[in-house]
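The values are calculated or read from the model by the stated rules, or taken from the named source; none is laboratory data. Quick caveat: nothing in here was measured; it's all calculated off a predicted structure. Note that each Cβ is placed from the backbone with ideal geometry, even for glycine, and that neighbours are counted across all protein chains shown. The area values use the complete protein model at the heavy-atom level, side chains included, leaving out ligands, DNA and RNA. Shrake-Rupley method; radii C 1.70, N 1.55, O 1.52, S 1.80 Å.
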Amino acid sequence: MKHSACMKLLSDLIDGETLTITNLTTNARMWSALHGERPSFYGLNMGLCLPFAVGVALAFPKRRVVAIDGDGSLIIETSSLITAADVRPANLTAVVFDNGVYAGMGETATARRTDLAKMAEGAGIAHTATLRTMEEYEKALRAALAAQEFRFLVAKVERDDTLPFTGSYIKRSERGMKESFVDALKRLPDYPGER
Amino acid sequence: MDAEPARLIIEALKEEKIDLYVTLPEEPTVSLTQAVQADPYFQCVTVASEDGGVALTAGAAIAGRRAVFVTGIAGLLKGGLALMHMGPQYGIPVFILASYRGDFGDRSGISGSKLQVFRQVGEPFLQALRIPYQIVGERRTLKRTIRDAHFMCRTSDMPAVLLLTGEVLW
């Protein structure tokens with residue numbers, strides 16, 4: 001599967017009410033182009049995407065939260081799988097785009113023999129899947145986004161030689177990005193904090 | 001930590017409407033964590049690493065939920081990279097209570113030389129990140145310090161750390 005095609009489908013299936021959290025580089029750059037002004041926190045550093053998303057999901061228990069992570073980011077903090085399995089927010093979906101390499105670094109492999117979905121299963125996440133075709137991916141993604149339980153999907157993707165869409169996330173200050181996210185959250189009727 | 005400081009901390013957390021308690025359990029604060037787990041007011045999340053604890057607490061805090069991360073000074077150092085990102089980089093109000101292992105009075109069985117490293121590195125580390133912190137060693141000031149630190153944390157968009165020691169901890 002093409003990474004960009006998988007991202008595009010995810011964007012098409014997510015409504016404006018869903019909160020998304022991304023890791024660094026490729027995911028953040030593509031998502032900022034696809035996702036527009038829908039509330040999203042972009043570019044969390046290696047290993048921090050999934051636990052951060054768990055925290056957001058706990059703050060908005062009635063709203064769908066999607067963690068958009070990468071294989072390199074996940075494997076640097078695999079203990080987050082254990083925490084996520086323990087907390088298992090029913091409103092959280094994690095999608096890991098596994099291209100097998102660190103960002104655009106060519107043949108610098110992340111994990112050559114590791115099955116991330118099995119790792120997640122071993123950590124205690126009840127619903128995991130590895131997806132290798134667009135048909136499998138779309139079916140599993142639609143089901144996960146509709147489910148009232150935590151699901152963890154690993155999409156095996158090919159690296160795009162050139163990204164067909166790149167957003168402006170990289171040009172914005174991270175404080176500015178955060179403020180935009182917080183402002184969007186504060187406009188939501190179920191925001192739990194002070195406005 | 002005995003029952004009284006645990007009670008005072010819980011009262012202060014409730015007064016601050018902090019109902020999400022995130023921790024990687026460690027010996028000096030285990031009585032606090034057990035009391036929190038027994039109290040239905042709190043949702044208690046046990047994390048498997050301090051980096052994840054900082055990130056999870058940050059995610060909740062940025063989304064408007066009042067949360068605290070309870071760890072030790074060694075855990076704070078372990079979670080240092082995450083703290084750097086959530087603090088100086090993003091400006092997210094992560095509120096942290098950390099046992100000050102290695103401060104005077106620590107007779108908990110870890111070798112003194114190991115404890116001294118925590119003492120030597122802990123505060124300079126927080127200073128390097130420019131994260132506000134305060135040492136709390138008196139029970140009579142505990143509740144007020146928690147309230148004041150949490151107020152500064154959530155109104156300044158920066159983490160705040162209270163290092164628990166002295167008669168609060170030992």
How many residues does the range A:168-194 hold that are more than 11 Å from every other protein chain (Cβ to nearest Cβ) and assigned to a helix (DSSP H, G or I)?
5
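Each row is one residue, and each column tells you yes or no for (1) within 24 Å of residue B:50 (Cβ to Cβ); (2) outside any helix (DSSP H, G or I).
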{"position": "A:135", "(1), (2)": "no, no"}
{"position": "A:152", "(1), (2)": "yes, yes"}
{"position": "A:160", "(1), (2)": "no, yes"}
{"position": "A:164", "(1), (2)": "no, yes"}
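Inspect the range B:105-118 for any residue being out of contact with any Phe, Trp or Tyr (no Cβ under 6 Å at 6 or more places or on another chain) and within 14 Å of chain A (Cβ to nearest Cβ) and give the result as yes or no.
Step one: list which residues in the range B:105-118 are out of contact with any Phe, Trp or Tyr (no Cβ under 6 Å at 6 or more places or on another chain), which gives B:106-118.
Checking which are within 14 Å of chain A (Cβ to nearest Cβ) leaves us with none.
No, there is no match, as no residue in the range B:105-118 is out of contact with any Phe, Trp or Tyr (no Cβ under 6 Å at 6 or more places or on another chain) and within 14 Å of chain A (Cβ to nearest Cβ).
Given the condition within 14 Å of chain A (Cβ to nearest Cβ) and open to solvent by 40 Å² or more (accessible area, probe 1.4 Å), answer yes or no: does some residue in the range B:133-154 qualify?
Yes, that holds for at least one residue.
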Do we find that residue B:99 is farther than 30 Å from residue A:180 by Cβ, open to solvent by 40 Å² or more (accessible area, probe 1.4 Å) and among the hydroxyl-bearing types (Ser, Thr, Tyr) in this structure?
no
When you scan the range B:62-73, do you find a residue that is in contact with a helix residue (DSSP H, G or I) (Cβ under 8 Å, 6 or more places away or on another chain), part of a helix (DSSP H, G or I), under 23 Å from residue A:192 (Cα atoms) and free of Cβ contacts under 8 Å to residues at least 60 places away in the same chain, even just one?
yes
Do you know which of the residues in the range B:5-33 that are open to solvent by 40 Å² or more (accessible area, probe 1.4 Å) and farther than 21 Å from residue B:110 by Cβ is farthest from the other protein chains (Cβ to nearest Cβ)?
B:7
Among residues of the range A:143-168, those that are at pLDDT 90 or above and β-branched (Val, Ile, Thr), counted:
2
Of (1) farther than 27 Å from residue A:38 by Cα; (2) open to solvent by 30 Å² or more (accessible area, probe 1.4 Å); (3) modelled with pLDDT under 95, residue A:101 satisfies all except one. Which?
(2)
Going through the range B:47-61 one residue at a time, which ones are farther than 18 Å from residue B:163 by Cα and either in a loop (DSSP other than H, G, I, E, B) or touching a strand residue (DSSP E or B) at 6+ places or on another chain (Cβ under 6 Å) (or both)?
B:47, B:48, B:49, B:56, B:60, B:61
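Can you tell me how many residues in the range A:13-72 are at negative phi and not in a helix (DSSP H, G or I)?
Narrowing the range A:13-72 to residues at negative phi: A:13-24, A:26-35, A:37-42, A:44-46, A:48-72.
Of the ones still in play, those that are also not in a helix (DSSP H, G or I) are A:14-24, A:37-42, A:44-46, A:48, A:60-70.
Counting residues in the range A:13-72 that are at negative phi and not in a helix (DSSP H, G or I) gives 32.
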Just checking, how many residues over the range A:83-98 are in a helix (DSSP H, G or I) and either surrounded by 20 or more Cβ atoms within 10 Å (Cβ to Cβ) or on the phi > 0 side of the Ramachandran plot (or both)?
3
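Given A:110, A:133, which one is away from every other protein chain (no Cβ under 14 Å) and either modelled with pLDDT of 95 or more or surrounded by fewer than 18 Cβ atoms within 10 Å (Cβ to Cβ) (or both)? Full working, then the answer.
Details: A:110 fails: either modelled with pLDDT of 95 or more or surrounded by fewer than 18 Cβ atoms within 10 Å (Cβ to Cβ) (or both).
Selected residue: A:133, the only one of A:110, A:133 that is away from every other protein chain (no Cβ under 14 Å) and either modelled with pLDDT of 95 or more or surrounded by fewer than 18 Cβ atoms within 10 Å (Cβ to Cβ) (or both).
Which of the residues belonging to the range B:49-89 are of a type outside the set (A, V, I, L, M, F, W, C) and surrounded by fewer than 24 Cβ atoms within 10 Å (Cβ to Cβ)?
Within the range B:49-89, the first condition is being of a type outside the set (A, V, I, L, M, F, W, C), and the residues that meet it are B:49-53, B:57, B:59, B:64-66, B:71-72, B:75, B:78-80, B:85, B:87-89.
Passing the criteria: B:49, B:64, B:65, B:66, B:78, B:80, B:85, B:88, B:89.
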The correct count of residues that are open to solvent by 10 Å² or more (accessible area, probe 1.4 Å) and over 21 Å from residue B:49 (Cβ atoms) in the range A:43-74 is 4
Can you find a residue that is at pLDDT below 95, over 22 Å from residue A:67 (Cβ atoms) and not in a helix (DSSP H, G or I) anywhere in the range B:17-39?
yes
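Going through B:80, B:72 one at a time, which residue ends up being away from chain A (no Cβ under 14 Å), among the small types (Gly, Ala, Ser) and within 14 Å of the chain's Cα centre (by Cα)? Full working, then the answer.
Numbers: B:80 fails: away from chain A (no Cβ under 14 Å).
Criteria check complete, one pass: B:72.
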